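Undergrad: Sharing a structure, written as structure tokens. Questions coming.
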Amino acid sequence: MSGLGTVFVPLGMGSGICGLIAMRNMLGLKTKIIGVVAEQAPAFARSFQARRVSVAEALEVVLGGAADIVAVSEDEIAQAIRTLYEATRNIAEGAGAAAYAALKKTRSHYQGKRVAVVLSGGHIDRSVAKVLAGLTPEASPRLGGGAPVGAGARGAAAGEPSRLFGRHLAF
């Protein structure tokens, strides 16, 4: 993370962003960390904006260390999955692609800066074929809100890598 200005990280229950905040703090870096949620699963974003713990213990860490939380639409997530696949041939699940969608959504703030995106997770199922074909599946209801595009049981593509191996994308 040395020299890196900003990192976008998807938010589920908060363990990924908390680990990233802890590492940044341990290394004494100034890197801004931006959490990303799906618009149809906004509980974490709402708690962050209200500055009060109402989702999980992890929110205390996030409130103390994240610069912002960005909400992205299901369409933006689906487009990010397609872009990542077309540019790198890597398949990211919806939650993992959400961070890239947030960077694209807020790109004007980061032009000319060193920025990273965390692509995580392996929860890919057959609905990803619909996403790659240009469709946006409806979010599945679950406790606490909707599920990001592609969330669900592990399918045939679960073993596919969901991160970029040193590749750079234009946004």
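Undergrad: Name the residues whose placed amide hydrogens come within less than 5 Å of the amide hydrogen of A41, ignoring near sequence neighbours (fewer than 5 apart) on the same chain.
TA: For A41, the qualifying residues are G146.
Undergrad: If you put +1 on each Lys and Arg Cβ and -1 on each Asp and Glu Cβ, how big is the dipole of the stretch 1-107 around its Cα centre, in Debye rounded to 20?
TA: 380
Undergrad: How would D68, D75, D125 line up by accessible area, probe 1.4 Å, largest first?
TA: Order by accessible area, largest first: D75, D68, D125.
Undergrad: Mind grabbing the accessible area of K130 for me, 1.4 Å probe, Å², rounded to tens?
TA: Approximately 120 Å² for this residue.
Undergrad: Also, quick follow-up: Hey, what do the phi angles of the stretch 75-87 turn into as Karplus ³J(HN,Hα) couplings, whole Hz, using 6.51/-1.76/1.60 and θ = phi - 60°, x for Gly and Pro?
TA: Going residue by residue, I get 5, 5, 5, 4, 5, 5, 4, 5, 4, 4, 5, 5, 7 Hz, with x marking Gly and Pro.
Undergrad: Name the long-range amide H neighbours of V70: under 5 Å, sequence gap of 5 or more, or other chain; modelled H, no Pro or chain starts.
TA: G35, V36, V37
Undergrad: Moving on to the next point. Just name one of L84, A116, V72: the one whose Cα is farthest towards the positive end of the charge dipole of the stretch 62-121 (beta-carbon charges, Lys/Arg +1, Asp/Glu -1).
TA: Looking along the dipole axis, the top candidate is A116.
Undergrad: To continue, here is another question. Carbon and sulfur: what percent of the stretch 62-130's accessible surface (1.4 Å probe)?
TA: Heavy-atom surface of the stretch 62-130 belonging to carbon and sulfur, 1.4 Å probe: 47 percent.
Undergrad: Okay, next question. Mind listing the phi-derived Karplus ³J(HN,Hα) values for the stretch 9-16, rounded to whole Hz, using 6.51, -1.76 and 1.60 with θ = phi - 60°, and x for any glycine or proline?
TA: 9, x, 10, x, 9, x, 5, x
Undergrad: How long is the gain from K130 to R107 if the chain were fully straight, where each residue apart is worth 0.36 nm and the alpha carbon distance is subtracted?
TA: 5.6 nm
Undergrad: Let me check I've understood the local charge: for G3, count other residues with C-beta under 12 angstrom from its C-beta, Lys and Arg +1, Asp and Glu -1. What total comes out?
TA: Charge balance near G3 sits at +3.
Undergrad: For A116, enumerate residues with amide H under 5 Å from its amide H, sequence gap 5+ or separate chain, H modeled in the peptide plane.
TA: Amide H to amide H, under 5 Å and 5 or more residues apart or across chains, A116 pairs with T6, V7, F8.
Undergrad: Of the options G19, A43, A129, report the single residue whose Cα projects farthest towards the positive end of the charge dipole of the stretch 1-131 (beta-carbon charges: Lys, Arg +1; Asp, Glu -1).
TA: The one lying farthest along the dipole's positive direction is G19.
Undergrad: Just the accessible area per residue of the stretch 7-81, please: how many Å² with a 1.4 Å probe?
TA: Here the residues of the stretch 7-81 average 47 Å² of exposed surface.
Undergrad: For R46 paired with M26, estimate the spin-label separation in nm (one decimal), with each label point 7 Å from Cα along the Cα-to-Cβ line.
TA: Roughly 3.4 nm, to one decimal.
Undergrad: Ok, one more. Using a/c under 1.5 as the rounded threshold, could you call the stretch 6-71 rounded, prolate or oblate? The axes a ≥ b ≥ c are square roots of the C-alpha gyration tensor eigenvalues, and prolate needs a/b larger than b/c, oblate otherwise.
TA: prolate
Undergrad: Could you put Y85, Y100 in order of accessible surface area, largest first, with the 1.4 Å probe and the full protein assembly present?
TA: Ranked list, largest accessible area first: Y85, Y100.
The values are calculated or read from the model by the stated rules, or taken from the named source; none is laboratory data. Keep in mind it's a predicted model, so treat the numbers as computed, not measured. Note: ideal-geometry Cβ built from the backbone for every residue, glycine included; neighbour counts use all protein chains shown. Each accessible area value is taken on the protein alone, full model and side chains, heavy atoms only, with ligands, DNA and RNA left out. Shrake-Rupley method; radii C 1.70, N 1.55, O 1.52, S 1.80 Å.
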